[in-house]
Amino acid sequence: MTDFVKPSVDYFELWPLLAVFAVACLGVVVEAFVPRAWRYLSQVLLTMVGLGAALVGVVAVAARYGADDAAEEGLAHADGAAYGLLAMGGTIAVDGPTLFIWGLVLLLALVGTLLFAERHLDGGVSAFAGQAAALPGTDAEREAYAANREHTEVYPLFMFAVFGMMIFPAANDLLTMFVGLEILSLPLYLLSALARRRRLLSQEAALKYFLLGSFSSAFFLYGAALIYGFSGSMYFADINEAVRNDVGSSAMLLIGTGFLSVGLLFKVGAVPFQAWTPDVYQGAPTPVTAFMAAGTKVAAFGAIMRLFYVALGADRASWQPMLWIIAILSMFVGAALAITQSDIKRLLAYSSVAHTGFILTGVLGVQATSDLAVGEISSLQAVLFYLVTYGFATLGAFAVVSLVRDSGGEATAIERWSGLGKESPVVAGVFAFFLLAMAGIPLTSGFVGKLAVFSVALAAGAWPVVVAAVLASALAAYLYVRVIKAMYFDEPVGQGPTVVYPSVLTATTIAIGAAVTLVLGVLPGPMLDLAGLAGEFIR
């Protein structure tokens with residue numbers, strides 16, 4: 001019989017995780033005991049304070065455990081490279097990429113909370129349904145609308161999703177990664193169904209997301225079982241050692257890697273697992289779409305790099321050709337289908353699929369800094385930087401989408417945006433700026449991000465993927481220019497677009513997104529250096 005070994009809990013290093021989880025639980029208590037009239041303010045303040053405390057914790061942990069300190073203290077991976085601290089019995093890796101992604105997710109969550117809290121755009125209530133259990137069109141729904149009710153339960157659900165987004169990229173074993181995947185996904189399934197307007201579309205989106213997400217989770221779990229059968233362990237260091245020593249069936253390793261990839265690539269919306277993306281992005285409340293599009297991709301790519309670089313780094317020859325194909329398909333399919341869309345949210349959804357391909361191009365680069373020439377950057381550095389640029393540009397773009405409205409709510413049909421440049425030059429100009437950043441135009445963060453991921457892939461010999469990426473970028477630029485043309489050069493349809501000017505909450509979100517997009521396009525050096533420092537000690 002094996003004696004039970006009590007795991008050590010490194011409370012200081014896990015401070016950010018514990019803070020987010022504690023606030024999520026407190027949010028449930030607030031819903032149970034605080035009077036309805038006070039819940040909105042209580043939940044918003046609690047969420048902002050909790051995210052702020054977690055962000056302070058990330059900075060404190062990063063200050064204490066830099067790459068040099070970790071190496072000096074002998075905190076090492078199995079192959080001797082500095083790894084950071086392994087907490088909770090080795091299930092959570094608190095290292096450079098973890099801290100960078102934690103900080104990015106928390107910043108995106110803080111900005112996303114402002115969108116969740118916006119009540120000015122829809123007559124004094126939020127974008128969320130007054131009573132989720134009420135069937136669309138029933139008396140119960142009409143009574144909820146008449147009473148101006150809103151779902152403040154969205155804030156603890158939001159915090160649980162953030163908690164999952166922090167566990168997912170920090171997991172150091174397959175079981176913990178699966179737990180993070182589920183904690184991340186389940187609240188998003190619920191949030192996607194809570195749109196105040198277009199309730200049937202919102203519920204349909206949530207159902208599709210739930211069913212397809214459940215299948216992808218099953219693939220991940222089966223893949224984890226096969227990898228366990230190959231290596232005899234769930235821990236990434238042990239899996240890496242088993243791969244190096246070729247201890248088991250190569251067929252089991254290959255099939256297990258494929259099944260794990262299905263679960264991870266589904267979360268980033270890569271082709272051929274992108275079918276849920278346009279429906280969910282269109283049907284979910286826009287604040288949820290904005291945060292989900294940014295935060296989920298950041299967390300999932302952190303998990304992808306953790307799995308492929310740490311656990312399966314020695315089997316690169318097996319999984320790299322697969323990612324070549326998926327990256328190329330994602331770029332071209334995303335860009336091509338985006339051109340055919342007539343809804344702005346669906347267009348941004350397929351644009352997200354194309355960006356998934358661009359980020360995967362960076363994953364194909366050289367990860368170990370010791371293998372790089374002087375002046376070259378690692379794939380971790382390039383991907384982390386791209387995630388920053390994509391996250392803030394996406395949040396800002398969806399925040400602008402929430403401003404263009406008609407009597408039925410948000411006017412997401414692209415034809416309804418015709419003439420927006422005359423109606424509201426500022427809103428049209430900011431949205432055009434975000435689109436140009438997504439297209440990778442110079443002096444925007446998107447240009448530097450694409451240049452970074454293309455250069456690391458080229459240095460690793462993946463030049464066919466880079467050529468495909470350049471061609472896909474040109475194709476994607478057309479779809480962004482098409483929207484800009486409609487805003488500035490097409491005649492308005494009917495009475496033309498109507499812009500509802502937001503409160504300080506949404507305005508701040510747009511301003512932060514635009515500022516980050518501009519600053520990282522003009523002065524990318526500090527963020528690249530920070531990403532490079534974080535990427536030095538994943539393994």
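Only one entry in Thr509, Thr517, Thr498 is over 22 Å from the mean Cα position of the chain (by Cα), surrounded by 15 or more Cβ atoms within 10 Å (Cβ to Cβ) and β-branched (Val, Ile, Thr), namely Thr498. Scan the stretch 520-539 for residues that are under 21 Å from Phe433 (Cα atoms) and touching a residue at least 12 places away in the same chain (Cβ under 8 Å) and the total you get is 5. Apart from one condition, Leu191 fits all of (1) on the phi < 0 side of the Ramachandran plot; (2) surrounded by fewer than 20 Cβ atoms within 10 Å (Cβ to Cβ); the exception is (2). Taken residue by residue, the stretch 260-270 has at least one member that is in a loop (DSSP other than H, G, I, E, B), crowded, with 23+ Cβ neighbours inside 10 Å, touching a residue at least 12 places away in the same chain (Cβ under 8 Å) and not hydroxyl-bearing (Ser, Thr, Tyr). Meeting the requirement of 3 or more residues that are modelled with pLDDT under 95 and in contact with a strand residue (DSSP E or B) (Cβ under 9 Å, 6 or more places away or on another chain), the helices (runs of 4 or more DSSP H) wholly within the stretch 1-87 are 67-72. Restricting attention to the stretch 169-191, the residues that are farther than 22 Å from Leu115 by Cβ and either basic (Lys, Arg) or in contact with a Lys or Arg (Cβ under 9 Å, 6 or more places away or on another chain) (or both) total 6.
Out of everything in the stretch 158-191 that is among the small types (Gly, Ala, Ser) and within 15 Å of the chain's Cα centre (by Cα), what residue ends up being farthest from Ala93 (Cα to Cα)? Among those that are among the small types (Gly, Ala, Ser) and within 15 Å of the chain's Cα centre (by Cα), it is Ser185.
Okay, residues lined up against (1) modelled with pLDDT of 90 or more; (2) farther than 25 Å from Leu99 by Cβ; (3) touching a Pro at 6+ places or on another chain (Cβ under 6 Å):
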{"residue": "Phe433", "(1), (2), (3)": "yes, yes, no"}
{"residue": "Gly449", "(1), (2), (3)": "yes, no, no"}
{"residue": "Val453", "(1), (2), (3)": "yes, no, no"}
{"residue": "Gly461", "(1), (2), (3)": "no, yes, no"}
{"residue": "Val466", "(1), (2), (3)": "yes, yes, no"}
{"residue": "Val499", "(1), (2), (3)": "no, yes, no"}
{"residue": "Ala507", "(1), (2), (3)": "yes, yes, no"}
{"residue": "Ala511", "(1), (2), (3)": "yes, yes, no"}
{"residue": "Ile538", "(1), (2), (3)": "no, no, yes"}
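Would you check if there is a residue in the stretch 282-294 being touching a helix residue (DSSP H, G or I) at 6+ places or on another chain (Cβ under 7 Å), within 18 Å of Ser402 (Cα to Cα), surrounded by fewer than 22 Cβ atoms within 10 Å (Cβ to Cβ) and at pLDDT 90 or above? Checking the stretch 282-294: not a single residue is touching a helix residue (DSSP H, G or I) at 6+ places or on another chain (Cβ under 7 Å), within 18 Å of Ser402 (Cα to Cα), surrounded by fewer than 22 Cβ atoms within 10 Å (Cβ to Cβ) and at pLDDT 90 or above. Consider the stretch 390-424 and keep the residues that are assigned to a loop (DSSP other than H, G, I, E, B) and touching a residue at least 12 places away in the same chain (Cβ under 8 Å). The one that is farthest from Pro285 (Cα to Cα) is Gly419.
For Ser216, are the conditions met, namely being under 25 Å from the mean Cα position of the chain (by Cα) and closer than 15 Å to Leu307 by Cβ? Considered against the rule, which asks whether it is under 25 Å from the mean Cα position of the chain (by Cα) and closer than 15 Å to Leu307 by Cβ, Ser216 comes out as yes. Which one of these is in contact with a strand residue (DSSP E or B) (Cβ under 9 Å, 6 or more places away or on another chain), of a type in the set (Gly, Ala, Ser), touching a residue at least 40 places away in the same chain (Cβ under 8 Å) and within 26 Å of Tyr480 (Cα to Cα): Ser342, Ser351? The match here is Ser342. Restricting attention to the stretch 425-465, the residues being in a helix (DSSP H, G or I) and crowded, with 19+ Cβ neighbours inside 10 Å number 25.
The values are calculated or read from the model by the stated rules, or taken from the named source; none is laboratory data. On a predicted model such as this, the values are computed, not experimentally measured, just so you know. FYI the Cβ positions are ideal-geometry reconstructions off the backbone, even for glycines, and counts take in every protein chain you see.
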